[in-house]
1. From the list Val104, Val130, Val78, which one is more than 23 Å from Trp223 (Cα to Cα) and within 16 Å of ligand 1 (Cβ to nearest atom)?
2. Assess whether Glu206 counts as being within 12 Å of the chain's Cα centre (by Cα), modelled with pLDDT of 95 or more, acidic (Asp, Glu) and within 23 Å of Asn244 (Cα to Cα).
3. Taking the range 65-96 only, how many residues are within 16 Å of the chain's Cα centre (by Cα) and outside any loop (DSSP other than H, G, I, E, B)?
4. For the condition more than 16 Å from ligand 1 (Cβ to nearest atom) and touching a strand residue (DSSP E or B) at 6+ places or on another chain (Cβ under 6 Å), what is the one hit in Phe179, Phe164?
5. Out of the strands (runs of 3 or more DSSP E) lying entirely within the range 156-256, which hold 2 or more residues that are touching a helix residue (DSSP H, G or I) at 6+ places or on another chain (Cβ under 7 Å)?
6. Could we say that Ser74 is out of contact with any Leu (no Cβ under 8 Å at 6 or more places or on another chain), of a type in the set (S, T, N, Q) and more than 18 Å from Gly109 (Cβ to Cβ) here?
7. Out of Gly189, Gly145, Gly174, which single residue is within 14 Å of ligand 3 (Cβ to nearest atom) and either farther than 27 Å from Val218 by Cβ or in contact (Cβ under 8 Å) with a residue 12 or more places away in the chain (or both)?
Amino acid sequence: MTNETIELLSSRELDKMRQAGCLAAQLLQHLEPMVKPGVTTLELNDEAERWTKAHGAKSAPLGYHGFPKSICTSVNEVVCHGIPSAKQILKDGDIINIDVTPLVDGYHGDTSKTFFVGTPSPKAKKLVDVTLECLKRGIAEVKPGARIGDIGAAIQEYAEAQGFSVVRNFTGHGVHRVFHAAPEIPHYGKRGTGKRLRAGMVFTIEPMINEGTWEVEVLDDGWTALTLDRKLSAQFEHTVAVTNSGVEILTVCGNW
Ligand code: MF3
Ligand code: CO
Ligand code: CO
């Protein structure tokens, strides 16, 4: 099987993905109350690592292509892949995306959420609200027979109508035993284009939406991606499965 082949998961594998997804959702929920002015992104990382181990799982980002920490913490103008640091102290008005991927019994649960630190500015609030709505609209396109391009089109139409832009350099991705697998899921595009979705496919949708330009720059650390114009960026991510009837969000627990 090549890297290009899109795997269709068995019901046994989907069950493993539900377990990993549930743990990922619980981890974000566990970290949320720590997101306050004065906390460092390293403290968030260290608690995520401790909690993940305590639940018998592994932090997939740690050591992944050399990534040095267990979670990604992307603050304000950081688009994605921010590296937790003891020097980075959160302050009132910041926005922070926390992206977690526990590896549970060989399967990855990949989810992220943008949180407000204290009280957000009106523009930050609007960006974060629009980004969450983009994720919801992308998920709503998922059903057997739909095209990958339908997902990106729904996201791009809404983001741009709200005056924001969609990051091109990073996409959603297939996810199962492999952290980043086929297919790529762009968050922009045209309806009716791209491969058809089939029941059993599992992938992430993780729109990164910018206040200004969609262009990004990667720092010399090789990871931190930030907006070229240093305006704000927000992101939400779920892992989803295509089902016979439509879509199942895997990075939730029960009714959460
Ligand atoms: N969780 C990220 C994603 O959504 C990937 C992080 S890779 C890392 O795909 F190496 F930066 F951790
Ligand atoms: Co992620
Ligand atoms: Co992902």
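The values are calculated or read from the model by the stated rules, or taken from the named source; none is laboratory data. It should be emphasised that the depicted structure is a prediction, and the values quoted were computed from it without experimental measurement. Here the Cβ positions follow ideal geometry from the backbone for every residue, glycine too, while neighbour counts run over all protein chains shown.
1. Val104
2. yes
3. 9
4. The unique qualifying residue is Phe164.
5. 181-185, 202-205, 233-235, 238-242, 247-249
6. So Ser74 passes the test.
7. Exactly one residue qualifies, and that residue is Gly174.
Here's the yes/no breakdown for (1) under 16 Å from Glu43 (Cβ atoms); (2) away from ligand 2 (no atom under 16 Å from the Cβ); (3) touching a Pro at 6+ places or on another chain (Cβ under 8 Å):
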{"site": "Thr73", "(1), (2), (3)": "yes, no, yes"}
{"site": "Asn76", "(1), (2), (3)": "no, yes, no"}
{"site": "Pro84", "(1), (2), (3)": "yes, no, no"}
{"site": "Lys91", "(1), (2), (3)": "yes, yes, yes"}
{"site": "Gly109", "(1), (2), (3)": "no, no, yes"}
{"site": "Phe115", "(1), (2), (3)": "yes, no, no"}
{"site": "Thr119", "(1), (2), (3)": "no, yes, no"}
{"site": "Lys126", "(1), (2), (3)": "no, yes, no"}
